[in-house]
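Values in this text are rule-based calculations from the coordinates and carry no lab data. Every value quoted in this text rests on a predicted model; they were computed, and no experiment measured them. Cβ placement follows ideal geometry from the backbone for every residue including glycine, while neighbour counts extend to all protein chains displayed.
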2 protein chains.
Amino acid sequence: MSNTWNAVVIWALRHGPRRPGRLREEIGGIRPKVLTETLRRLEHNGLVTRRAYAEAPPRVEYELTALGRSLLEPIGAFGEWAHDHADEVMAAQDAGAG
Amino acid sequence: MSNTWNAVVIWALRHGPRRPGRLREEIGGIRPKVLTETLRRLEHNGLVTRRAYAEAPPRVEYELTALGRSLLEPIGAFGEWAHDHADEVMAAQDAGAG
């Protein structure tokens, strides 16, 4: 979990299955290549499953596994920390730069 | 917090101030250069303070700030997750490789 995108993509999947295009919209600022690599890595680690539907056009969705869902709580705790303390971190950075 | 060493070093400081040499021993497998860079980054972000004592030989210690201590809970939640689920992640990796 040392790659920030892992946590971001898992968090974006918290409400259920998503197509890559929708994930990109919800996340914002993630390049398609990086999203693809991240999803592949999460799948490899058993955190996400990929479903391909034989439709026209073909549809692909990604969903958290039970293992992936078990990460939502620690990721949420970090997100909450970042939200609560971002200003203190930035103040420290400014103080150090001055 | 996208760098794993940040979390590792903060966790190693959870019981109180530590000299760099002691931190290296407790962490194990961190190169001195990487530890120095990590401590500098944590200090820059207001998570750690550095104290230099005018002794012979000079003594330097690092300690968590209140902001740094506030990260112990989310980091601990991640550590607990990793401890509880490492085998499942490795099983998924093996299944994908097979």
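Inside region B:23-81, residues that are surrounded by 15 or more Cβ atoms within 10 Å (Cβ to Cβ) and of a type in the set (S, T, N, Q) make up a count of 4.
The condition (being aliphatic (A, V, I, L, M), assigned to a helix (DSSP H, G or I) and over 28 Å from B:Glu73 (Cα atoms)) is satisfied by just one residue among A:Leu67, A:Leu23: A:Leu23. Looking across B:Gly16, B:Gly46, B:Gly76, B:Gly96, one residue alone is facing another protein chain (nearest Cβ under 8 Å) and either in contact with a Lys or Arg (Cβ under 9 Å, 6 or more places away or on another chain) or not in a helix (DSSP H, G or I) (or both). It is B:Gly46. Here A:Glu88 fulfils each of the conditions (1) under 30 Å from B:Glu43 (Cβ atoms); (2) within 14 Å of the chain's Cα centre (by Cα) apart from (2).
For region B:1-13, a residue qualifies if it is among the small types (Gly, Ala, Ser) and either in contact with a Ser or Thr (Cβ under 6 Å, 6 or more places away or on another chain) or not in a helix (DSSP H, G or I) (or both), and exactly one does: B:Ser2.
The criterion of being touching a residue at least 12 places away in the same chain (Cβ under 8 Å), farther than 23 Å from B:Asn6 by Cα and in contact with a strand residue (DSSP E or B) (Cβ under 8 Å, 6 or more places away or on another chain) does not hold for A:Leu35.
Would you check which residues across region A:49-73 are of a type in the set (A, V, I, L, M) and either within 7 Å of chain B (Cβ to nearest Cβ) or free of Cβ contacts under 8 Å to residues at least 40 places away in the same chain (or both) and list them? Outline the logic, then answer.
First, pick out the residues of region A:49-73 that are of a type in the set (A, V, I, L, M): A:52, A:54, A:56, A:60, A:64, A:66-67, A:71-72.
Once the filter is applied, which keeps residues that are of a type in the set (A, V, I, L, M) and either within 7 Å of chain B (Cβ to nearest Cβ) or free of Cβ contacts under 8 Å to residues at least 40 places away in the same chain (or both), region A:49-73 yields A:Ala52, A:Ala54, A:Ala56, A:Ala66, A:Leu67, A:Leu71.
B:His85 satisfies every condition listed in (1) more than 14 Å from every other protein chain (Cβ to nearest Cβ); (2) surrounded by 13 or more Cβ atoms within 10 Å (Cβ to Cβ); (3) of a type outside the set (S, T, N, Q); (4) out of contact with any strand residue (DSSP E or B) (no Cβ under 6 Å at 6 or more places or on another chain) except (1).
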